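For reference, the structure discussed in these notes is given below.
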Amino acid sequence: MATLFVMRQPPYQGRIAREGLDALLTFATFELKPALLFLDAGVLQLLPYIDDPTLQKQIAKMLSALPIYGVEQIYIERESLTNYSLQSKHINLPTTLVERQQLPELMTNYDFHLSF
Amino acid sequence: MKYTLVIRCAPTDGGLAHTALQFTEAVLQSAHKLDMVFFYQRGVLTANGLGIVPQDEVNITHKWQQIASRYTLQLNVCITAALFQGVVNPQEAQRYQLSQHNLADGFNLVGLGQLASATTECDRLISFGSN
């Protein structure tokens, strides 16, 4: 049973992004091969260097560990990137760009969805 | 069909916390199976046994305790989120040298791995509240 984690919030708005990543990494540790989709403001989590005033653990650092945890299916929705004037060259992770129209099909590939 | 529920809204978040309770009771009364409810994010505040609710209002924590004792239902609470938000059981209070603990009876502090492994066994994962 495969789970898709959907990240929709900016990195340091409360602890949501952090809690989503914690859950994702736990699923990966259990070798459940979770997938990850960055959507809407969630794409801001992919920015490499953010000076975080709350001194939480750096989201970018946690994301860089994804390949070590065997998280290979990482998707970014293109329109969300464009809305924040970002391009895929700004992103340091091996990711797959998906179009908004492809999201329903992508979602049906996973048994469970958890949105953060 | 086997369900796992994830509660991510605080008991003070209003309607959603009640909807989750009603959904849980409906599943338990049906032919479907539900063994475990997992409390995560602000949902862990449901396990705070020190919340006092006005007498003419519903105490969400008590409701969960009643349901769990009536059926065979585990109320599992993410330990990391719980400790961060000040929900502590006697063992953790001792470990962190705190003078008090407040985990309500019937709730268990567990790791996120419990949620991960639940997805290997259930057919439906239903989540209440998120962002």
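The values are calculated or read from the model by the stated rules, or taken from the named source; none is laboratory data. Predicted model, so just to flag it, every value in this text is computed and none were measured. Cβ: placed from backbone, ideal geometry, glycine included. Neighbour counts: every protein chain shown.
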* Residue that is surrounded by the fewest Cβ atoms within 10 Å (Cβ to Cβ), among those in the stretch A:101-116 that are under 13 Å from A:Phe38 (Cβ atoms) and away from chain B (no Cβ under 14 Å) -> A:Leu103
* Asked: Here is a list of conditions, (1) in contact with a Ser or Thr (Cβ under 8 Å, 6 or more places away or on another chain); (2) more than 14 Å from every other protein chain (Cβ to nearest Cβ); (3) buried (at least 20 other Cβ atoms within 10 Å of the Cβ), and A:Gln73 meets all of them except one; can you say which number that is?
  -> (3)
* Structure fact -> Of the conditions (1) over 30 Å from B:Met1 (Cβ atoms); (2) at pLDDT 90 or above; (3) crowded, with 19+ Cβ neighbours inside 10 Å, the single one that A:Thr82 does not satisfy is (3)
* Structure fact -> In the set B:Ala116, B:Ala47, the lone residue that is free of Cβ contacts under 8 Å to residues at least 12 places away in the same chain, within 28 Å of A:Val6 (Cβ to Cβ) and buried (at least 20 other Cβ atoms within 10 Å of the Cβ) is B:Ala116
* Return the residue satisfying two criteria in turn: it lies in the stretch B:119-131 and is assigned to a loop (DSSP other than H, G, I, E, B) and surrounded by 17 or more Cβ atoms within 10 Å (Cβ to Cβ), and of such residues it is modelled with the lowest pLDDT. => B:Asn131
* Boolean, A:Thr29 is crowded, with 16+ Cβ neighbours inside 10 Å, within 13 Å of chain B (Cβ to nearest Cβ) and modelled with pLDDT of 95 or more -> no
* Asked: Do we find a residue being surrounded by fewer than 18 Cβ atoms within 10 Å (Cβ to Cβ) and either farther than 21 Å from A:Glu19 by Cβ or acidic (Asp, Glu) (or both) anywhere in the stretch B:78-88?
  -> no
* Have a look at A:Ala17, A:Ala65, A:Ala23 and point out the one that is within 10 Å of chain B (Cβ to nearest Cβ), under 18 Å from A:Asn92 (Cβ atoms) and modelled with pLDDT of 90 or more. => A:Ala17
* To do: Hand me the list of strands (runs of 3 or more DSSP E) wholly inside the stretch B:1-112 holding 3 or more residues that are within 14 Å of chain A (Cβ to nearest Cβ).
  => B:2-7, B:74-78
